[in-house]
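S.K.: I'd like to ask you about the structure that follows.
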Amino acid sequence: MDTVLFTTEDQLLLYTDGVTETRGHTGAFFPLVQYAGLWDVDSPSRLLEQLHRDLVDYSRGRLDDDIAAIAIRASATTA
């Protein structure tokens, strides 16, 4: 078992393979790490909204697989 320490304001994104298997118009898989590096979001809900927008844009509206994602954020009382 691994342990990960969270500091205040850290966020964690959990997602199903439908996220990373979303394909663009060229057939390439969604580059989650590249997109995540560009996101400047300050809440779990905004993180999920940005992820969904980027998936829809990347796939040109063709989300062919089921997608599930959960985002959580450490607060001063949970960190």
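S.K.: Inspect all residues belonging to segment 44-56 and state whether any of them is in contact (Cβ under 8 Å) with a residue 24 or more places away in the chain and in a loop (DSSP other than H, G, I, E, B).
M.R.: Within segment 44-56, none of the residues are in contact (Cβ under 8 Å) with a residue 24 or more places away in the chain and in a loop (DSSP other than H, G, I, E, B).
S.K.: Let me ask something else about it. Mind checking which residues of segment 22-41 are assigned to a helix (DSSP H, G or I) and either touching a residue at least 40 places away in the same chain (Cβ under 8 Å) or among the polar types (S, T, N, Q) (or both)?
M.R.: Residue satisfying the conditions is GLN34 alone.
S.K.: For residues that are assigned to a loop (DSSP other than H, G, I, E, B) and either among the small types (Gly, Ala, Ser) or surrounded by 11 or more Cβ atoms within 10 Å (Cβ to Cβ) (or both), tally how many sit in segment 4-18.
M.R.: Restricting attention to segment 4-18, the residues satisfying the condition of being assigned to a loop (DSSP other than H, G, I, E, B) are 4-10, 16.
Now restrict to residues that are either among the small types (Gly, Ala, Ser) or surrounded by 11 or more Cβ atoms within 10 Å (Cβ to Cβ) (or both): 6, 8-10, 16.
Residues that pass the stated criteria total 5.
S.K.: State all residues of segment 60-79 that are under 12 Å from GLY18 (Cα atoms) and either in contact with a Phe, Trp or Tyr (Cβ under 9 Å, 6 or more places away or on another chain) or modelled with pLDDT of 95 or more (or both); if no residue qualifies, say none.
M.R.: ILE67, ALA68, ALA69
S.K.: Moving to a separate point now. Mind checking which residues of segment 19-72 are within 26 Å of THR8 (Cβ to Cβ), polar (S, T, N, Q) and surrounded by 16 or more Cβ atoms within 10 Å (Cβ to Cβ)?
M.R.: Of everything in segment 19-72, just one residue is within 26 Å of THR8 (Cβ to Cβ), polar (S, T, N, Q) and surrounded by 16 or more Cβ atoms within 10 Å (Cβ to Cβ), namely GLN50.
S.K.: OK, next. So which of ALA71, ALA76 ends up being in contact with a Pro (Cβ under 6 Å, 6 or more places away or on another chain) and either in contact (Cβ under 8 Å) with a residue 12 or more places away in the chain or outside any helix (DSSP H, G or I) (or both)?
M.R.: Of ALA71, ALA76, the one residue that is in contact with a Pro (Cβ under 6 Å, 6 or more places away or on another chain) and either in contact (Cβ under 8 Å) with a residue 12 or more places away in the chain or outside any helix (DSSP H, G or I) (or both) is ALA71.
The values are calculated or read from the model by the stated rules, or taken from the named source; none is laboratory data. These figures come from a predicted structure and were not determined experimentally. Backbone-built Cβ (ideal geometry, glycine too); neighbour counts: all protein chains shown.
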